[in-house]
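The values are calculated or read from the model by the stated rules, or taken from the named source; none is laboratory data. Just so it is clear, the model here is predicted, and its values are computed rather than measured. Every residue, glycine among them, receives a Cβ derived from its backbone with ideal geometry; neighbour counts consider all protein chains shown.
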Amino acid sequence: MKASPFIVLALPRSRTMWLSRFLSYGEWHCGHDELQHCRSLEDAWTWFKQPCAGTVETAAAPFWRLLLRHQPDIRIVTVRRPVDDVLASVLRVVPGCSPVEMLDLLRRMDHKLDQIEARVPCVLSVRFDDLAQESACAAVFEHCLLYDHDPEWWAACNAQHVSGNLAAQVRYAQAYLPQIQKLERAAKHASFAAMTPKAAAPEGFTFEDEPIDRWYRDATPLFRQHMAQTGQDIEDWSRKNLPLGRRLDAGGAMQIITARSNGRMFGYLMSLISPSLDDPSALVAQHLPVFASPDCPGLGMKLQRAAIEALRHKGVTEVLGLAGVRGAGPRLGSVYRRLGFDTAGQMYRLQLEHP
């Protein structure tokens, strides 16, 4: 039976690199600030799928609720060092950072450690100064690894001076800042979604062909869910080509079918309409973005049927549906087959680079 993973949460400059070495013992491997190398939430959860895996993290504390949701059996240790001492240590090794901004960041992170200790059962909390003593290290060792303490291993590790290169870590974070911020936004969105009580699915929906501006105004919460499910940046919806969408909508070349209950939107399906190159008298439509709230099972199929019926009334004679590779895209193929779509070859994509 695979042992549950562990995580040590601390502020930087709190002997975290040494702890990652100390806790890499026997079958166990303990990482250090692995979160900085993750580019998606799935990357983070994959780390914990490894057998005998743990990590020491200095930036993961704000997302403790999300961590517990995905790893409810995880063993947690917090290392507490006074914020002023951490700030002084950080400024010594990264002299170019803003003391005011760093102090604010450290205080917020320290508050998250307070939350974890107050709200999560069975958390082991140790003081930074106490890690100089074998007894505190033994408690961490046994809590994380479920082994009896090994005095010889502690003595060997304690004789080593281990310190991470914080300046290099800061340079790495600056170089990968857009990717790290994208992951942070995804984690925040998922954390807030996990805190929101699950609502009962509405019993009835109204399907309507809506103008693009009304849809765009009311669909923001769904957009963020859509972006998260398809692995895009949570705010990517705000960077779509809205001016082009408005022109297409004004010219009758766009259809947006929404599903609402008591005025609240729970899903949408966009289709583009154009004349056919094969038949000058025919109209062709292509389904593009489609999203249905996970709280409403079966809504996606209802949206498809409502959109197809609306297209039929507009004189459309052929509807194309693309089953993509992101999010629930691959499952759309089975949806289209159930609706009577025939396979129409394969679509390929070439991304062109420009100097």
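Tell me the residue from GLY267, GLY231, GLY251 that is more than 22 Å from ARG305 (Cβ to Cβ), small (Gly, Ala, Ser) and at pLDDT 90 or above, please. Full working, then the answer.
Details: GLY267 fails: more than 22 Å from ARG305 (Cβ to Cβ); GLY231 fails: at pLDDT 90 or above.
It is GLY251.
Do we find that ILE256 is of a type in the set (Val, Ile, Thr), assigned by TED's automatic domain parsing to the domain that holds LEU222, within 16 Å of PHE223 (Cα to Cα) and not in a loop (DSSP other than H, G, I, E, B) in this structure?
Numbers: of a type in the set (Val, Ile, Thr): yes; assigned by TED's automatic domain parsing to the domain that holds LEU222: yes; within 16 Å of PHE223 (Cα to Cα): yes; not in a loop (DSSP other than H, G, I, E, B): yes.
Answer is yes for this residue.
Which pairs have Cβ atoms under 7 Å, sit 6 or more apart or on different chains, and link a residue in the range 227-240 that is farther than 12 Å from ALA187 by Cα to one that is part of a helix (DSSP H, G or I) and at pLDDT below 80?
GLU235/ARG185
Take the residues of the range 1-46 that are of a type outside the set (Asp, Glu) and in contact with a Pro (Cβ under 8 Å, 6 or more places away or on another chain): which is nearest to ASP129 (Cα to Cα)? Explain how you work it out, then say what you get.
Residues of the range 1-46 that are of a type outside the set (Asp, Glu), as a first pass: 1-26, 28-32, 35-41, 44-46.
The next check asks that each one be in contact with a Pro (Cβ under 8 Å, 6 or more places away or on another chain); those that pass are 2-3.
Numbers: LYS2: 33, ALA3: 29 Å.
That would be ALA3.
Can you find, within the range 1-22, the residue that is surrounded by the most Cβ atoms within 10 Å (Cβ to Cβ) among those that are touching a His at 6+ places or on another chain (Cβ under 9 Å) and not in a strand (DSSP E or B)? Give the derivation first.
Pass one, the range 1-22, residues touching a His at 6+ places or on another chain (Cβ under 9 Å): 6, 16-21.
Subset that is not in a strand (DSSP E or B): 16-21.
Values: THR16: 24, MET17: 19, TRP18: 20, LEU19: 26, SER20: 22, ARG21: 14.
So the residue we want is LEU19.
Could you tell me how many of the residues in the range 25-51 are in contact with a strand residue (DSSP E or B) (Cβ under 7 Å, 6 or more places away or on another chain) and either surrounded by fewer than 16 Cβ atoms within 10 Å (Cβ to Cβ) or assigned to a helix (DSSP H, G or I) (or both)?
4
Could you please find all residues in the range 295-318 being within 19 Å of PHE266 (Cα to Cα), touching a residue at least 24 places away in the same chain (Cβ under 8 Å) and not basic (Lys, Arg)?
If the condition is that a residue be within 19 Å of PHE266 (Cα to Cα), touching a residue at least 24 places away in the same chain (Cβ under 8 Å) and not basic (Lys, Arg), then ASP295, CYS296, PRO297, LEU299, GLY300, MET301, LEU303, GLN304, ALA306, ALA307, ILE308, ALA310 are the ones that fit.
I'd like to check something: does the range 320-342 contain any residue that is more than 26 Å from ASP218 (Cα to Cα), of a type in the set (Asp, Glu) and surrounded by 11 or more Cβ atoms within 10 Å (Cβ to Cβ)?
no
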